Amino acid sequence: MEIKKNDVIDLEITGYTAEGNGVGRYKDIAIFVPLAAAGDRLRVKILKTAKTYAFGRIDKIVTASKDRVPLDCAQFTQCGGCVYRHIGYQAELKAKQQRLRDAIERIGGFREVEINPIVGAKDPDHYRNKTQLPIGRGSGNEVRMGFFASHSHRIIQCSECLLQPDEFTVAMGAFQEWAHQSGEDVYDEETGKGRLRHLYLRRAGATGEVMVCVVVNGNGVHYEPELAEMLKKSVPGLKSVIINVNREQTNVVLGKKCRTVWGSDYITDTLCGLNFHISPMSFYQVNRDQAERLYTLAGEYAGLTGKETILDLYCGTGTIGLSMAKNAAQVIGVEIIEQAVEDAKKNADLNGITNAEFLCADAAKAASMLKNRGTRPDVVVLDPPRKGCDPSLIDTVTQMAPQRVVYVSCDPATLARDLKLFAQKGYEPKTITPVDMFPRTGHVETCVLLSHKNS
């Protein structure tokens, strides 16, 4: 390699990695640079080298990209949340569209398939309806809350995050004031001692209801009524104050036991015309408005006439399948997490939906079981985790011979890999639409319609 640590090189940034870092090439070596923008001409200091790539940091911006915008967040360069606050939103959407296209073409091998323009958010800020804030102490022993720096457990103090609604900022301030007055001790990851672990906030976008949940290493905290009073006076739409008990020395935020200090055990939101009760444990999409656009798109791709049986694999709390139920004959949802299945059943009852059943099982095993009992779905909906689908699941789904498969993906690379496996079984992607569910981050959500090439 003709490059080594501490070298300073001139570099033009030509694109972005999946994590949102800028990338350019220097003597056929890929150089990854955080906070760089496509079109930048930079002087870059090399921090780390490998055989075919290297990492660097910006030493000087020689010529700034036309996509660069002034930073609007003081924590952006330290916090591990956003990666695209240094470029305009349209440039961000272009980068995400290109990332998807590159994966579909290079990994999947599809060069003729239609990829629609990405569905951008009306407002790329203030969309998060949930946040989990680790609690610690600063150098002056003051209570600190914020987000972990990238690849660390170092808390970056954040009094106002631009991705969150204003109610969260107010709740953080009121809680911090209560913590100061109460003198409650803060949890220490190394010793396992101390009480305050996380402040966990949720907001229902359609109703404006807010939940404040304090995660503690114990059964509760001192001065709980005073905490509830301070929050009631400060937080618009407050519906619920809850203590979550987590005594485990683990990185998992929530424990298994909750106790309501004031108000309701849940908040209520509406999505695609349905009501959903959201407890601290409930899975619910972080960006409600974009989730509604994504689910509407999935419903269009399903092509329902009222006669179809839908198999909804990786169904979570049932939101996608339930949003389609009124236009189908039957919905069968499958999810491996027991609590999510119970929530899905409750959501069906809450909305008077009687044509949906939910099974607690591994997706591949459940699909095989349904196939063996003769259930033949007309439409299969897949919404797998980031790792994508197991090949055995793809085998079983294609053997069921559904008319259509609707694949909702949160990772372009595993999506492209799975589409290639589907194509080998005769199911080809007909149309692909990316949806920007998480603006300012590197994540890309995608909805794909597949059908058999002979259909």
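No lab work stands behind these numbers, since they all come straight from the coordinates. Small disclaimer: the values here were computed from a predicted structure and weren't measured. Here the Cβ positions follow ideal geometry from the backbone for every residue, glycine too, while neighbour counts run over all protein chains shown.
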In debye to the nearest 20, the charge dipole size for the stretch 116-189, taken about the Cα centre with +1 at each Lys and Arg Cβ and -1 at each Asp and Glu Cβ, equals 300
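What ranking of 155, 320 emerges when the number of other C-beta atoms within 10 Å of each C-beta is taken as an exposure proxy, fewest first? It would help to have the intermediate numbers written out before the result.
Details: 155 19, 320 27.
Neighbour counts put them in this order, fewest first: 155, 320.
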If you put +1 on each Lys and Arg Cβ and -1 on each Asp and Glu Cβ, how big is the dipole of the chain around its Cα centre, in Debye rounded to 20?
1020
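Counting other Cβ atoms within 10 Å, keep those with at most 11, restrict to DSSP loop, and tell me which trypsin sites (Lys or Arg not before Pro) in the stretch 116-162 are left.
On the way: sites: 122, 128, 130, 137, 144, 154; in loops: 122, 128, 154.
Taking the stretch 116-162 and a limit of 11 other Cβ atoms within 10 Å, the loop trypsin sites (Lys or Arg not before Pro) found are 122.
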Hey, which of these cross-link pairs are over 24 Å Cα-Cα: 193/387; 51/387; 387/425; 307/365?
193/387; 51/387; 307/365
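Extension gain residue 5-residue 61, at 0.36 nm per residue separation less the Cα-Cα distance, in nm? All intermediate terms of the calculation are to be shown ahead of the outcome.
Working: separation 56, 0.36 × 56 = 20.16 nm, distance 1.97 nm.
Going from the current span to full extension adds 18.2 nm.
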Students often get this wrong, so try it: which of (i) 44; (ii) 52; (iii) 60 is percent of Cα pairs over 30 Å apart as calculated from the structure shown?
(ii)
The chain - share of DSSP beta bridges that are antiparallel (%, nearest 5)
65
Two-site FRET efficiency, residue 420 against residue 357, from Cβ-Cβ distance with R₀ of 25 Å, rounded to 0.05:
0.20
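State to the nearest 20 debye the size of the charge dipole of the stretch 1-125 about its Cα centre, where the only charges are +1 on K and R beta carbons and -1 on D and E beta carbons. All intermediate terms of the calculation are to be shown ahead of the outcome.
Working: 21 positive and 17 negative charges, 84 e Å.
The calculated dipole for the stretch 1-125 is roughly 400 debye.
Using R₀ = 35 Å, calculate the FRET efficiency as 1/(1 + (r/R₀)^6) where r is the Cβ-Cβ separation of residue 50 and residue 111; round to 0.05. Provide the component values of the computation, followed by the final result.
Numbers: r = 30 Å, r/R0 = 0.86.
E between residue 50 and residue 111, to the nearest 0.05, is 0.70.
Could you give the length gained by full extension between residue 41 and residue 430, i.e. 0.36 nm per residue of separation minus their alpha carbon distance, to one decimal place? Working shown, then result.
On the way: separation 389, 0.36 × 389 = 140.04 nm, distance 3.90 nm.
Full extension from residue 41 to residue 430 adds 136.1 nm.
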In the chain, once you exclude exposed GluC sites (Glu not before Pro) (DSSP loop, at most 10 other Cβ within 10 angstrom), what's the longest stretch remaining?
191-455
Separation of the residue 193 and residue 207 label points, Cα + 7 Å toward Cβ, nm
4.2
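Quote the FRET efficiency, to the nearest 0.05, computed for residue 300 versus residue 123 with a Förster distance R0 of 30 Å and r equal to the Cβ-Cβ distance. Before the final figure, lay out the partial values.
Values: r = 23 Å, r/R0 = 0.78.
Step by step, r from the Cβ atoms, then E = 0.80.
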Can you tell which of 134, 18, 159 lies farthest toward the positive end of the dipole of the chain, using +1 and -1 charges on the Cβ of basic and acidic side chains (Lys, Arg; Asp, Glu)?
18
